[in-house]
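Please read the structure below before turning to the comments.
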Amino acid sequence: MISGSGKILPYNTHEQKSVQIERMFDSIAETYDRLNHTLSFHIDKKWREKGIAFLKPFSPESILDVATGTGDLAIAMQRELNPRRIIGIDLSEGMMKRGRDKAAKAGYASCISFEQQDCLSLTYADNSFDAVTSAFGVRNFDPIEKGIAEMYRVLKPGGHLMILELSSPWRFPVKQLYTLYSQIIIPYTGRLLSKEKNAYYYLPESIKAVPQGRDMVDILRWQGLVDVGVRTFTSGICSLYTGKKDQ
C-alpha cells in the first residue's frame, strides 16, 4: 500500500521531495505563523485543541511531535498536558528556530526540545514515546506509509498516535467554496505576503493528494495500529486520525 502524495512536489521533479520541503519551509519560516493563522481564520488553533483533548485522558509523559514546524502543537501540548518532555522534530531548521524562540518565550525551553530529523528515518530507539503526534505535516512525507511506520516504531506499546491533517470537504456548497478558496485565494495571499509562490500552490495540491478518511485509516491499521478512528471538523476541512500501539 503506497500512496501517491510523493508525486506532488514544490519545485521540480529531479530533487528528492524532502530536500524541496526543507528548502520551501526554510523560505517561508518568517511569515509562516501569521499566514497560517490568517488563512485558516485562526480555526487551526481549535483543531489542535481537539487533538490534544484526545490525548488528555492518557497523560503521556513523553511525546514526539513529528513535522513540528514552528512548534504550535508542541507548545499547546506542554501547556495542556504538562508532560515530562516533548521533542519536536522537523526537516526545516528555519521553522524550528522560530519554535525554539516561542517555546522559550512561553517558559518551556527546559521541557520542549527541537531536533532536525528525517521523519522517514528517525534516530530514536523502538518503543521510546508515550505519544507520537503530527499536525499538518503528514502530507509532506514521501511515502506517507514510511513516515507512519517510523511513528509506530518509536511509540511505546499502549501508546497513542494523534495526527491532524487538512482534507478536502465533499458536501455542497462547502466543496465548491473550498476549491475556490484553495486554488485562488491561498496562492494569491501566500505570494503576496511571503513572496514564495511555490509553497502556496503546493499546499492545496498536497491536500488533494494525501490519503483521506477511510484510506488513511486503512494505512494506520496496515502499519499495526489498533483502535483507529477518524473525526472531521469544519465541514471536512480538517481530519483527526487516532490510534494505539497494541500492548
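Brief remarks follow.
- Relative contact order for region 5-84: 23 percent, from Cα pairs under 8 Å spaced at least 6 residues apart, divided by residue count.
- Each Lys and Arg adds +1 at its Cβ and each Asp and Glu adds -1 at its Cβ; summed about the Cα centre, region 61-162 shows a dipole of about 320 debye.
- For region 83-140: rounded, prolate or oblate by the Cα gyration tensor [a/c cutoff 1.5]: oblate
- Region 79-217: relative contact order as a whole-number percent, Cα under 8 Å and 6+ apart: 18 percent
- For region 226-239, 3J(HN,Hα) computed residue by residue from phi via the Karplus equation (6.51, -1.76, 1.60; θ = phi - 60°) reads 10, 6, 6, x, 9, 10, 10, 10, 6, 6, x, 6, 10, 10 Hz, glycine and proline entered as x.
- Three-way shape label, region 1-93, alpha-carbon gyration tensor, a/c 1.5: prolate
- Here the peptides 133-141, 13-21 are ranked by packing, the mean other Cβ count within 10 Å, and the order with the highest first is 133-141, 13-21.
- With a simple spin-label model that places each label point 7 Å from the Cα along the Cα-to-Cβ direction, the separation between F41 and A125 comes to 4.8 nm.
- Under the simplified labelling scheme, the S59-E115 pair shows an inter-label distance of 2.6 nm, with each label point 7 Å from Cα along Cα→Cβ.
- Note on the chain: antiparallel DSSP beta bridges, both residues inside, total approximately 40 percent of the bridges counted.
- Label sites at R34 and K105, each approximated as a point 7 angstrom past Cα along Cα to Cβ, lie 1.2 nm apart.
- Cβ-Cβ distance of L192 and T234, R₀ of 35 Å, FRET efficiency by 1/(1 + (r/R0)^6): the value works out to about 0.90.
- Each of the peptides 106-115, 85-94 was scored by the mean count of other Cβ atoms within 10 Å over its residues; in descending order, highest first, they stand as 85-94, 106-115.
Throughout, read-outs are computed from the coordinates displayed, never taken from laboratory work. Here the structure is a predicted model, which is why all the values come from computation and not from measurement. We place every Cβ from the backbone using ideal geometry, glycine too, and count neighbours over all the protein chains shown.
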